[in-house]
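The values are calculated or read from the model by the stated rules, or taken from the named source; none is laboratory data. All figures in this text were calculated on a predicted structure; none of them were measured in a lab. With ideal geometry, Cβ positions are generated from the backbone for all residues, glycine too; neighbour counts draw on all protein chains shown. Only protein heavy atoms, including side chains, enter the accessible area calculation; ligands, DNA and RNA are left aside. Shrake-Rupley method; radii C 1.70, N 1.55, O 1.52, S 1.80 Å.
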Amino acid sequence: MNIATTVADEIDVEEGGSAVHPMFSDAPRSVSFNKLRKRLLRQVRQALEDFQMLKGQKRWLVGLSGGKDSYGLLSLLLDLKWRGLLPVELIACNLDQGQPNFPKHILPEYLTKIGVAHRIEYRDTYSIVKEKVPEGATYCSLCSRLRRGNLYRIAREEGCDALVLGHHREDILETFFMNFFHGGRLASMPAKLLNDEGDLMLLRPLAYAAEDDLAKFATAMQFPIIPCDLCGSQDGLQRNAMKDMLADIERRMPGRKDTMLRALAHVNPSHLLDPKLFDFAGLMTQGSSARRTDVE
């Protein structure tokens, strides 16, 4: 079954006041927004299918930071569930990390208004990061590890099968090039990952979605965005350099980001240099194999 065709058939964006999830009650009814919404829904469903994200899944914890990407993730999952296309229970979760001036009221008020089950958890990881990271160094790595550990814990407490995060196409490509340039390895963010303990999946349904599309979607949906005062206040991050590089490539050669993403799904180990992935020592010509048999 061609899921792209199926999605196009099943996802009819509402016009003329048809029933919608409360999250979309004030969404635009323009043709351009409907096209954007359908494209994002199609990409999410494609990722769900390609990486078998629904296999054995009943309940998901959806990480909600208050940024455009996590809002977009939650709304698209709710949209699919509203249409009967996502047979899992969803619970949104925000981890309040103790950042100065964090507007604690925004997310619970918004989630209550649209009728979404949620949990707000307070853990002062901000102070830990400020204490442990030397001045001038970037916070991202430690902040991410502390946040992820807490979200895994909450997922277990809530009886969830997976933690679902809002990383998109650009996040995946930026991570690949950070590893490529700074880590000396070929690796990125997987769309589906089993945690170290082996009891939870980590899923990224926005793997195929473009950041620009998510930004347009967030603006149109008028999400109450919460800026990140911790990471967003730092200049010169390696990830920002990768973002600028990719944006420059896309300006000069439109479509290259999609090509790069396709490349990550078409790996040929025999044409790389890692003997752990391919048995180079076992390569023999037909003549060599015949002579070896004669000797034996």
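The residue that is surrounded by the fewest Cβ atoms within 10 Å (Cβ to Cβ), counting only those in the stretch 98-125 that are touching an Asp or Glu at 6+ places or on another chain (Cβ under 9 Å) and not in a loop (DSSP other than H, G, I, E, B), is Y122.
Candidates are the residues of the stretch 185-200 that are closer than 19 Å to G56 by Cβ and buried (at least 18 other Cβ atoms within 10 Å of the Cβ); the one that is farthest from the chain's Cα centre (by Cα) is L200. Applying the set (1) without any contact (Cβ under 8 Å) to a residue 24 or more places away in the chain; (2) not in a loop (DSSP other than H, G, I, E, B) to M189 leaves exactly one unmet item: (2).
Restricting the stretch 41-78 to residues that are assigned to a loop (DSSP other than H, G, I, E, B) and hydrophobic (A, V, I, L, M, F, W, C), the residue that is farthest from the chain's Cα centre (by Cα) is L54. Criterion first (out of contact with any Leu (no Cβ under 6 Å at 6 or more places or on another chain), outside any strand (DSSP E or B) and within 23 Å of D161 (Cα to Cα)) does K81 satisfy it? Answer is yes for this residue.
In the set (1) modelled with pLDDT under 95; (2) in contact with a Phe, Trp or Tyr (Cβ under 6 Å, 6 or more places away or on another chain), A4 fails one condition alone, (2). Quick one: is G149 closer than 29 Å to N240 by Cβ and surrounded by 15 or more Cβ atoms within 10 Å (Cβ to Cβ)? Answer is no for this residue. Within the stretch 94-136, being of a type in the set (D, E), out of contact with any Gly (no Cβ under 8 Å at 6 or more places or on another chain) and modelled with pLDDT of 80 or more holds for D96, E109, E121. Only a single criterion out of (1) touching a residue at least 12 places away in the same chain (Cβ under 8 Å); (2) within 16 Å of the chain's Cα centre (by Cα); (3) open to solvent by 70 Å² or more (accessible area, probe 1.4 Å) is not satisfied by K216, namely (2).
Rundown of residues vs (1) part of a loop (DSSP other than H, G, I, E, B); (2) of a type in the set (F, W, Y); (3) over 15 Å from the mean Cα position of the chain (by Cα); (4) surrounded by fewer than 13 Cβ atoms within 10 Å (Cβ to Cβ), yes/no style:
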| site | (1), (2), (3), (4) |
| --- | --- |
| D171 | no, no, no, no |
| L202 | no, no, no, no |
| L206 | yes, no, no, no |
| I226 | yes, no, yes, no |
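Under 7 Å between Cβ atoms, which residue pairs at least 6 apart in sequence (or on different chains) link something in the stretch 269-282 that is under 18 Å from G184 (Cα atoms) with a partner that is assigned to a helix (DSSP H, G or I) and open to solvent by less than 90 Å² (accessible area, probe 1.4 Å)? Correct list of pairs: L277/P269. Scanning the stretch 228-263 for residues that are in a loop (DSSP other than H, G, I, E, B), open to solvent by 80 Å² or more (accessible area, probe 1.4 Å) and modelled with pLDDT under 95 gives a single hit, D235.
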